[in-house]
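Here is the structure we will look at.
The values are calculated or read from the model by the stated rules, or taken from the named source; none is laboratory data. The shown structure was predicted, so the numbers you read here are calculated from the model rather than taken from an experiment. Cβ placement follows ideal geometry from the backbone for every residue including glycine, while neighbour counts extend to all protein chains displayed. Calculation scope for accessible area: heavy atoms of the full protein, side chains included, ligands and nucleic acids excluded. Shrake-Rupley method; radii C 1.70, N 1.55, O 1.52, S 1.80 Å.
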Amino acid sequence: SHEEEKPSVTLGNSDTSTEAENAPAKARAYAGMFTWPCPRHFFQDLEDRRAAKVLKPCDVSKEKLLEAFTKALKSKGYLHNLVKAAVADEPHKHYQPDGASRERHKHLIFLFRAPFVHAGVRKLLAEEFGYHGFFTFHRAGWCAYLDYLMMESAKKPAHDLDRDLVFYPSSYTKQKADGELAGMSSQVAGRKKNEGLQKGPSEALQKRRRR
């Protein structure tokens, strides 16, 4: 039977990682990310994957993942506290043996207005939909997760970014996300400037003392 043949799903991370355990309570409660990597073991045929409920991220659209997430939240009584979310589809870092293609993974970031227990949501996504992923909470706030999805970095080159994120709710658009990122950048720049102004007089005082 498919159940007997069901392949094991090995994840490269988990919601019990050190980073997640050490996350501030506020970060765990309000902003976070669900990552769905490609399983290391899976059936080659899509229908077999569906029967075993071990799907690959490329089997499902970003819209479908978002729909499943909101359904899982609704069944657990958390949907009314979901403020906004965004879904990205990205290639894995490593190429497949053919050297020409890469498996894919999905990230779903979210912001809640009240705490939610993510373990039950994760279990429901896996058992009901076949989406075997994990939650992490180690970034500081919604905009930090937006930045992770939308901006290139040393670990994520520009050509690997998803330029067509799916957002929730429909009133939350890419333009609004861009505006939030711009605001965050301005705040960071302002803090650095203030730190520089505070640092300047202190350094001058130390030089005078050394004289």
Condition broken by residue 63, with the remaining ones in (1) open to solvent by less than 50 Å² (accessible area, probe 1.4 Å); (2) at pLDDT 55 or above; (3) not small (Gly, Ala, Ser) satisfied: (1)
Strands (runs of 3 or more DSSP E) wholly inside the stretch 70-141 that include at least 3 residues being small (Gly, Ala, Ser) and open to solvent by less than 50 Å² (accessible area, probe 1.4 Å): 82-91
Looking only at the stretch 79-93, and only at residues there that are within 15 Å of the chain's Cα centre (by Cα) and of a type outside the set (A, V, I, L, M, F, W, C), the one that is farthest from residue 64 (Cα to Cα): 92
Residue tally, condition within 27 Å of residue 78 (Cα to Cα), among the small types (Gly, Ala, Ser) and either loosely packed, with under 12 Cβ neighbours inside 10 Å or modelled with pLDDT of 50 or more (or both), over the stretch 13-58: 4
Those residues of the stretch 113-156 which are aromatic (Phe, Trp, Tyr), out of contact with any Gly (no Cβ under 7 Å at 6 or more places or on another chain) and closer than 28 Å to residue 54 by Cα, in sequence order: 116, 129, 131, 134, 145, 148
Residue match in the stretch 49-60 (condition: closer than 24 Å to residue 120 by Cβ, under 18 Å from the mean Cα position of the chain (by Cα) and part of a loop (DSSP other than H, G, I, E, B)): yes
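To keep it simple, each residue is scored yes or no on (1) at pLDDT 95 or above; (2) of a type outside the set (A, V, I, L, M, F, W, C); (3) in contact with a Lys or Arg (Cβ under 9 Å, 6 or more places away or on another chain).
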site: 113; (1), (2), (3): no, yes, no
site: 116; (1), (2), (3): no, no, yes
site: 131; (1), (2), (3): yes, yes, yes
site: 148; (1), (2), (3): no, yes, yes
site: 155; (1), (2), (3): no, yes, yes
site: 172; (1), (2), (3): yes, yes, yes
